[in-house]
Amino acid sequence: MLVERGLQAMNVEVVSEAYAIAANYLRRSGAIPDTLVTNERLLEIIVKMIQHDEPNKIRLANKAIAKFQAQSGTRAVA
């Protein structure tokens, strides 16, 4: 799926790991449902960020969480 979106092969792992981190946090905070289905909006945020040269998976995940919450109007409860 990520390769189809034009990402370089070396970035697929970073996107995957950043998504896993962000999705796990957002599931635990109740911002997204606890399912195995990929949240397309979160994935799109991460893909756009990596295309703008954010190579660090932790920073990428944190920025994606903040942007997702800002767009959703949700805040961290923890």
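What order, most packed first, do the peptides 18-28, 47-57 have when packing is the mean number of other Cβ atoms within 10 Å of each residue?
18-28, 47-57
Sorted from fewest to most neighbouring beta carbons within 10 Å, what does the list LEU36, LEU42 look like?
LEU36, LEU42
Taking θ as phi - 60°, what are the ³J(HN,Hα) couplings along the range 12-27 by the Karplus curve (6.51, -1.76, 1.60), each to the nearest whole Hz, with x for Gly and Pro?
Coupling constants for the range 12-27: 4, 5, 5, 4, 4, 5, 5, 4, 4, 5, 5, 5, 4, 4, 5, 5 Hz.
Compute the semi-axes of the equivalent ellipsoid of the range 11-72, taking the square root of 5 times each eigenvalue of the Cα gyration tensor, and list them largest first in whole Å.
For the range 11-72, the semi-axes come out at 18, 12, 10 Å.
Once fully extended, how much extra length lies between GLN71 and ASP34, figured as 0.36 nm per residue of separation less the alpha-carbon to alpha-carbon distance?
Contour length minus the Cα-Cα distance gives 11.4 nm.
Just so you know, all these numbers are worked out from the coordinates, no wet-lab data involved. Fair warning: this is a prediction, and the values are worked out from it, not measured in the lab. Neighbour counts are summed over all protein chains in view; Cβ atoms, including those assigned to glycine, are modelled from backbone coordinates with ideal geometry.
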